[in-house]
Amino acid sequence: MKIIIGLGNPEKDYKFTRHNVGFETINKISADNKIEINKLKFKSHIGEGFLNGQKVMLVKPQTYMNLSGIAVRDILNFYKLNNQDIIVIFDECNLDIGNIRIRERGSAGGHNGIKSIIENLQTDEFLRIKIGIDNKPSYMDLADYVLSRFSRSEQDKIDQAIESAADAVSIVLKDGITKAMNLYNTKNKT
């Protein structure tokens with residue numbers, strides 16, 4: 001089973017903020033593949049189903065961003081899975097808006113959700129799909145920026161990035177990480 005985790009914050013106030021593009025990608029995967037997210041388990045909203053013939057669990061941790069790793073650890077421990085069995089989708093402010101980047105490992109890069117996962121799993125080796133939300137303006141605090149909503153001019157790019165991230169998950173499951181990286185990481189450079 002593959003665990004596909006979208007990072008974000010619960011509650012209506014955070015819906016559609018920059019920090020919640022991981023949740024929005026999980027919603028897209030759920031809708032496209034008719035996988036209902038209908039359970040509250042492991043401190044997360046989850047749904048189970050099949051994607052490209054593989055059993056998957058879609059996960060939206062409800063622990064708030066900074067404690068995401070607790071939910072991820074609980075799921076992996078319960079199912080006796082390892083870090084190779086997860087895909088984490090999250091926002092990245094060091095990436096141009098609308099671009100996505102796929103990585104197999106790396107530091108948290110200042111992202112508290114990823115930092116929490118690394119601390120709880122004791123490894124930085126897990127697949128991640130980053131969705132670019134652009135650098136914050138110099139006059140804004142980072143916390144305020146990631147909790148802000150997209151402008152109208154940004155929304156089309158973000159909608160496309162969410163769709164690309166959902167497609168990238170499908171390609172990883174069907175054709176492997178290397179193909180997805182070659183396709184999406186190269187596409188972002190143009």
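The values are calculated or read from the model by the stated rules, or taken from the named source; none is laboratory data. This structure is a prediction, so every number in the text was calculated from the model and none was measured. Cβ atoms come from the backbone with ideal geometry, glycine included; neighbour counts cover every protein chain shown. Surface accessibility is based on the protein's heavy atoms, side chains included, excluding ligands, DNA and RNA. Shrake-Rupley method; radii C 1.70, N 1.55, O 1.52, S 1.80 Å.
The single residue among ALA143, ALA165, ALA108, ALA180 that is among the hydrophobic types (A, V, I, L, M, F, W, C) and surrounded by fewer than 14 Cβ atoms within 10 Å (Cβ to Cβ) turns out to be ALA143.
Of the strands (runs of 3 or more DSSP E) contained entirely in the stretch 20-94, those carrying at least 1 residues that are open to solvent by 10 Å² or more (accessible area, probe 1.4 Å), at pLDDT 95 or above and more than 22 Å from ILE118 (Cβ to Cβ) fall at 39-41, 44-51, 54-61.
For the condition among the basic types (Lys, Arg) and under 16 Å from the mean Cα position of the chain (by Cα), what is the one hit in LYS55, LYS41, LYS34, LYS28? LYS28 is the lone residue from the list that is among the basic types (Lys, Arg) and under 16 Å from the mean Cα position of the chain (by Cα). Taking the stretch 28-57 as the range and being free of Cβ contacts under 8 Å to residues at least 12 places away in the same chain and closer than 25 Å to VAL146 by Cβ as the test, only ALA31 passes. Kindly evaluate GLY109 against the criterion of being without any contact (Cβ under 8 Å) to a residue 60 or more places away in the chain and of a type outside the set (Lys, Arg). Answer is yes for this residue.
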